[in-house]
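> Here it is, the structure, as structure tokens.
The values are calculated or read from the model by the stated rules, or taken from the named source; none is laboratory data. Small disclaimer: the values here were computed from a predicted structure and weren't measured. Glycine gets a Cβ as well: all are built from the backbone with ideal geometry, and neighbour counts include every protein chain shown.
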Amino acid sequence: MPLNTDKDSAALTVQSITVLPVKIAQADKDTSHTISKQLQEGSLVLTSTIKEVLKDKERVSYLFSGQQESLLGNFHGSRNEAAVFIGKKIETDAVLIPTLHRYIDREGKTYSVNQPASVSFEYSLIHVKTGKTLCTGFFDETQEALSSNLFSFKQAAKRGFKWITAREFTEEGLKDKFSDCQYLSK
């Protein structure tokens, strides 16, 4: 569920949004090469999925890592403070900060898997002028077999009782979380 952190956030105007590059949450030093590779792939998938989900919204722009670094220069501060700093420099109303925590694709086929897809990400939408968090969303799910969780019947039926890929999971989660934010929903 999104967190609207300010009762007045509904009154804030957002006509333009800039999306920062996906940040991969810090893994510990023992993170394997395989997990690092999965996270790199996941960041590309999350980026392309954000673009796909927001394609019909007007005035959405995207920064590449190099652009972000160039704009930040010697700036030091939190990620939210950096978002406001960048937003003011490029004159946008809000900045979307996506963070990827986990991205594991399924091992197996549509109807039979050795390992299910598992995805975890979050986002914050920051209002540049006020620095307020307009909304946030957090998605953290590993697909389960219907036999291990009968409460997932509705979700399994929606997916056609199939095992989905991490890419499909990302799209499903992103659409769900963005739909809870008035600034990102269609």
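> Confirm whether ASN80 is surrounded by fewer than 19 Cβ atoms within 10 Å (Cβ to Cβ) and over 14 Å from GLY131 (Cα atoms). Please lay out each step first, then the result.
Numbers: surrounded by fewer than 19 Cβ atoms within 10 Å (Cβ to Cβ): yes; over 14 Å from GLY131 (Cα atoms): no.
So ASN80 fails the test.
> So which residues in the stretch 40-88 are β-branched (Val, Ile, Thr) and in contact (Cβ under 8 Å) with a residue 60 or more places away in the chain, if there are any at all?
Listed by number, the residues that qualify are VAL45, THR49, ILE50, VAL53, ILE86.
> Still on this structure, I have one more. Kindly indicate whether GLN67 is part of a helix (DSSP H, G or I) and in contact with a strand residue (DSSP E or B) (Cβ under 8 Å, 6 or more places away or on another chain).
no
> So, one more: (1) loosely packed, with under 12 Cβ neighbours inside 10 Å; (2) among the polar types (S, T, N, Q); (3) at pLDDT below 95: which one isn't true of ASN4, the others all being true?
(1)
> Give THR49, THR34 a once-over and let me know the one that is surrounded by fewer than 16 Cβ atoms within 10 Å (Cβ to Cβ), within 29 Å of GLU172 (Cα to Cα) and of a type in the set (Val, Ile, Thr). Before the answer, list the steps.
On the way: THR49 fails: surrounded by fewer than 16 Cβ atoms within 10 Å (Cβ to Cβ).
Going through THR49, THR34 in turn, just one is surrounded by fewer than 16 Cβ atoms within 10 Å (Cβ to Cβ), within 29 Å of GLU172 (Cα to Cα) and of a type in the set (Val, Ile, Thr): THR34.
Here's the yes/no breakdown for (1) assigned to a strand (DSSP E or B); (2) modelled with pLDDT under 90:
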{"site": "LYS89", "(1), (2)": "no, no"}
{"site": "LEU96", "(1), (2)": "yes, no"}
{"site": "HIS101", "(1), (2)": "yes, no"}
{"site": "ASN114", "(1), (2)": "yes, yes"}
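> Also, I was wondering about something else. Could you look through the stretch 84-105, keep only residues that are among the hydroxyl-bearing types (Ser, Thr, Tyr) and buried (at least 20 other Cβ atoms within 10 Å of the Cβ), and pick out the one that is nearest to ILE24 (Cα to Cα)?
Here is the first cut: in the stretch 84-105, the residues among the hydroxyl-bearing types (Ser, Thr, Tyr) are 92, 99, 103.
Imposing the further condition that a residue be buried (at least 20 other Cβ atoms within 10 Å of the Cβ) reduces the set to 92, 103.
On the way: THR92: 24, TYR103: 10 Å.
Once the filter is applied, the top-ranked residue is TYR103.
> Something else: Take VAL119 and tell me if it is in contact with a Gly (Cβ under 7 Å, 6 or more places away or on another chain), closer than 16 Å to LYS175 by Cα and in contact (Cβ under 8 Å) with a residue 40 or more places away in the chain.
Yes, satisfied.
> Can you confirm whether SER124 is modelled with pLDDT of 95 or more and of a type in the set (Gly, Ala, Ser)?
Numbers: modelled with pLDDT of 95 or more: yes; of a type in the set (Gly, Ala, Ser): yes.
So SER124 fits the description; yes.
> Hey, another quick one. Could you list all residues from the stretch 164-186 that are of a type in the set (D, E, K, R) and within 24 Å of ARG59 (Cβ to Cβ)?
GLU171, LYS175, ASP176, LYS177, ASP180, LYS186
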